[in-house]
Amino acid sequence: MKQIILLILLVIATNYGYGQTFERTAPTGFDESRTNITHGKLDTIQYFSKTVGVKRKALVYTPPGYKKSTKYPVLYLLHGIGGDEKEWLNGGKPQVIFDNLYADKKLEPMIVVMPNGRAMKNDRAVGNVFDSVKVKAFSTFEQDLLTDLIPFVEKNFPVHKDRERRAIAGLSMGGGQSLNFGLGNLDKFAWVGGFSSAPNTKLPELLVPNVDDAKAKLKVLWISCGDQDGLINFSKRTHDYLFAKNVPHIFYVEPGGHDFKVWKNDLYMFSQLLFKPVDQKQFVRFTVLGSAAFTNVRSAKFPQILPDNRVVFQLKAPEAQKVQIDLGKKYDMVKDADGLWTVTTDTISEGIHYYSLVIDGVSLADPASETYYGMGRMASGIEIPSRNGDFYAMKDVPHGEVRMKRYYSTVFNEWRRFYIYTPADYGADANKKYPVLYLLHGGGEDERGWSTQGKTDIILDNLIAEGKATPMLVVMMDGNTGLGGMRSFGERSLQAFENELKQVVIPVVEKNYRVESNNKSRALAGLSMGGLQTLYAGIKNHEMFSSLGVFSSGWFANNNALSDPQYAFMKEHVSDINNNVKLLWIAMGGREDIAYENCKIMMKKFDDLGIRYQYSEYPGGHTWPVWRNNLYKFAPLLFK
């Protein structure tokens, strides 16, 4: 009996701590009036607005059993650009939704105020509602709300006056107002909801300039939108920023467009959270659909990333017998009656992941995703958002260019190409010369890797704009030598790479681009296989480079035939290497990096030989999030 009581208490505590059970969408009939329940009351109020200079109207909903002797929290519920104080009433039936929720004991008693958010003398939704004067009136409403309407409500209704019992939410234009006014006045509102927020929504960094303040003061921040809504990018933009800054919030994506079917569901879901204890750790569970991945091709709705970084894949293949997603781990997809295959993965780690569709045993690229050269072939890729990815986020800074240069290689007797990043100011001064970083990819990838998977241009743009890195050119060359598998890591392959770099690529760069041609203005770096190439060509040609970067790499401990000659060379040239190479920077992805042990053994050898180096570590294994971070940390150290 004691165990049963404890179990009951645990269930109650779980539901109470979250504010409701995990209902992800409104049930059928939630917006249909019931005759066998008690109902709240709707009234029209008039208040004098000192902001506008006239009396203005609002609707007020008071809950069933309303008593003037009881104090209530307040929700201010705002309309869209084409509506007024009656838009919610006419299109959304909020009084019906609230009555039903009260009857089902899912709602905390509250007063709901539906004002006219167009703060001007003629505030009717007539004529051109997009006229600039009328649009500006929606911004003016912030002052009207704070200095006229809220004081009137608090004087004439039995309401609590503290921020923790005051909420604001709205649809479309009113959603933008709610985010702007609510997040801009955290001393007034602790509960904020934006439903399908319109373009009037401020840029995220202006919405939440003080991240710590928002974390401390917000009880619930709700951002929702229909997946077919053309305005979803405004909600997604806000969500992405909040995610990166680790601000707790609910990002609720649901089927639908820009209409009351969506907004009624939003009101049903959002209102149940208000003025109750909440467990912000559970916010990631609050969605119907995920967000289309950044790496989806244009207009593709899937794959979708859920708030907890699980991924939903979907494919139409009615004739297929078995379909899987191969992300390193294989997931069996389930087929419905219409031939639509679907699967939801486990939580996927941050960064870019290669994957394949496996249809009846054949591995294929997903037509819904961008493809990348990785794994030694073209493969689909999906980018999972990272809270640590601000340094490679697109920002309003001067942007450079990534160009492709074709050249004839006398080493390989074939036409080859490299990609080259030029900084934003490259075209400004025809006499200015720049230093160069030669940046190398890993095995199974090619010259495209650092510019596409690695986001080199964005990382450098942001660093240069912040004054953290010297403006430089970055040459991303093809390190493949035609020898596949482990032969790519052998002496013959490394010699071919060295010749290509010295005899062809560097001369082509110095002939065709405005670059300095001395060792102080050259750096060489690479990841994995490219790290070995950096060790081989960079150390042997120490007089050519002032800095070397070795990412997730190291001489093989079990291949003495390759490694021993390298250490012997270093032993003979310790002084010259230390004098010429001002920075030998070695970085690893933590113990889970497959090159970790080789690198540790190599650094012990360097210690014994007296080779100077710096070591850095960023957790994440042998992956692109690690290497992006490596470039972010390495580039500011160059050419100082």
_Yes or no: region 579-588 includes at least one residue that is of a type outside the set (Gly, Ala, Ser), out of contact with any Lys or Arg (no Cβ under 9 Å at 6 or more places or on another chain), surrounded by fewer than 23 Cβ atoms within 10 Å (Cβ to Cβ) and part of a helix (DSSP H, G or I)._
yes
*asked:* Regarding region 227-234, can at least one residue be identified that is in a helix (DSSP H, G or I) and surrounded by 18 or more Cβ atoms within 10 Å (Cβ to Cβ)?
replied: yes
_Residues located in region 128-167, provided they are open to solvent by 60 Å² or more (accessible area, probe 1.4 Å), under 22 Å from Gly80 (Cα atoms) and either among the hydroxyl-bearing types (Ser, Thr, Tyr) or part of a helix (DSSP H, G or I) (or both)_ = Ser132, Val133, Lys136, Ser139, Gln143, Thr147
*asked:* Among the residues that make up region 471-482, is at least one of them open to solvent by 10 Å² or more (accessible area, probe 1.4 Å) and among the hydrophobic types (A, V, I, L, M, F, W, C)?
replied: no
*Provide a single number: the residues in region 195-209 that are without any contact (Cβ under 8 Å) to a residue 24 or more places away in the chain and part of a helix (DSSP H, G or I).*
1
*What number of residues in region 356-394 are open to solvent by less than 30 Å² (accessible area, probe 1.4 Å), aliphatic (A, V, I, L, M) and over 29 Å from Asn462 (Cα atoms)?*
3
*Count of residues meeting criterion [part of a loop (DSSP other than H, G, I, E, B), open to solvent by less than 80 Å² (accessible area, probe 1.4 Å) and either free of Cβ contacts under 8 Å to residues at least 40 places away in the same chain or closer than 30 Å to Phe294 by Cα (or both)] in region 400-414*: 1
_Candidate set from region 210-226 (those that are in a loop (DSSP other than H, G, I, E, B) and either on the phi > 0 side of the Ramachandran plot or of a type outside the set (D, E, K, R) (or both)); member that is surrounded by the most Cβ atoms within 10 Å (Cβ to Cβ)_ = Leu218
_Would you confirm, using the coordinates I've provided, whether Val54 is among the β-branched types (Val, Ile, Thr), open to solvent by 20 Å² or more (accessible area, probe 1.4 Å) and either modelled with pLDDT under 95 or not assigned by the TED database to the domain that holds Lys134 (or both)?_
no
*For Ser291, all conditions in the list (1) more than 30 Å from Tyr72 (Cβ to Cβ); (2) surrounded by fewer than 20 Cβ atoms within 10 Å (Cβ to Cβ) hold save one; what is the number of the exception?*
(2)
*asked:* I'd like to check something: does region 245-260 contain any residue that is in the same structural domain as Ala190 (by the TED database), closer than 23 Å to Val208 by Cβ, open to solvent by 10 Å² or more (accessible area, probe 1.4 Å) and at pLDDT below 95?
replied: yes
*Inspect all residues belonging to region 615-627 and state whether any of them is surrounded by fewer than 22 Cβ atoms within 10 Å (Cβ to Cβ), touching a residue at least 60 places away in the same chain (Cβ under 8 Å) and either assigned to a helix (DSSP H, G or I) or in contact with a helix residue (DSSP H, G or I) (Cβ under 6 Å, 6 or more places away or on another chain) (or both).*
yes
*Phe569: open to solvent by less than 20 Å² (accessible area, probe 1.4 Å), modelled with pLDDT of 95 or more and in a helix (DSSP H, G or I), yes or no?*
no
*Counting just the residues of region 181-205 that are buried (at least 22 other Cβ atoms within 10 Å of the Cβ) and among the polar types (S, T, N, Q), which one comes out farthest from Ser271 (Cα to Cα)?*
Thr201
*Filter result for Lys511 (open to solvent by 10 Å² or more (accessible area, probe 1.4 Å), touching a strand residue (DSSP E or B) at 6+ places or on another chain (Cβ under 6 Å), at negative phi and not hydrophobic (A, V, I, L, M, F, W, C))*: no
_Test of understanding: among Val323, Val284, which residue is surrounded by 14 or more Cβ atoms within 10 Å (Cβ to Cβ) and closer than 17 Å to Phe251 by Cβ?_
Val284
*Within region 301-320, how many residues turn out to be open to solvent by less than 30 Å² (accessible area, probe 1.4 Å) and part of a strand (DSSP E or B)?*
6
*asked:* Within region 98-105, does at least one residue satisfy the condition of being assigned to a loop (DSSP other than H, G, I, E, B) and out of contact with any strand residue (DSSP E or B) (no Cβ under 6 Å at 6 or more places or on another chain)?
replied: yes
_Against the condition surrounded by 22 or more Cβ atoms within 10 Å (Cβ to Cβ), in the same structural domain as Thr344 (by the TED database) and not acidic (Asp, Glu), how does Phe270 come out, does it pass?_
no
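Here is a yes/no grid of residues against (1) of a type in the set (Asp, Glu); (2) free of Cβ contacts under 8 Å to residues at least 40 places away in the same chain; (3) in a loop (DSSP other than H, G, I, E, B); (4) not assigned by the TED database to the domain that holds Tyr434:
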{"residue": "Asn480", "(1), (2), (3), (4)": "no, yes, yes, no"}
{"residue": "Val504", "(1), (2), (3), (4)": "no, no, no, no"}
{"residue": "Pro507", "(1), (2), (3), (4)": "no, yes, no, no"}
{"residue": "Ala523", "(1), (2), (3), (4)": "no, no, no, no"}
{"residue": "Tyr536", "(1), (2), (3), (4)": "no, no, no, no"}
{"residue": "His542", "(1), (2), (3), (4)": "no, yes, yes, no"}
{"residue": "Phe545", "(1), (2), (3), (4)": "no, yes, yes, no"}
{"residue": "Ser553", "(1), (2), (3), (4)": "no, no, yes, no"}
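The values are calculated or read from the model by the stated rules, or taken from the named source; none is laboratory data. For clarity, every value in this text was computed on a predicted model and none was experimentally measured. A quick note on method: Cβ atoms are made from the backbone with ideal geometry, for glycine too, and the neighbour counts reach across all protein chains shown. These accessible areas exclude ligands, DNA and RNA; they are computed on the full protein's heavy atoms, side chains included. Shrake-Rupley method; radii C 1.70, N 1.55, O 1.52, S 1.80 Å.
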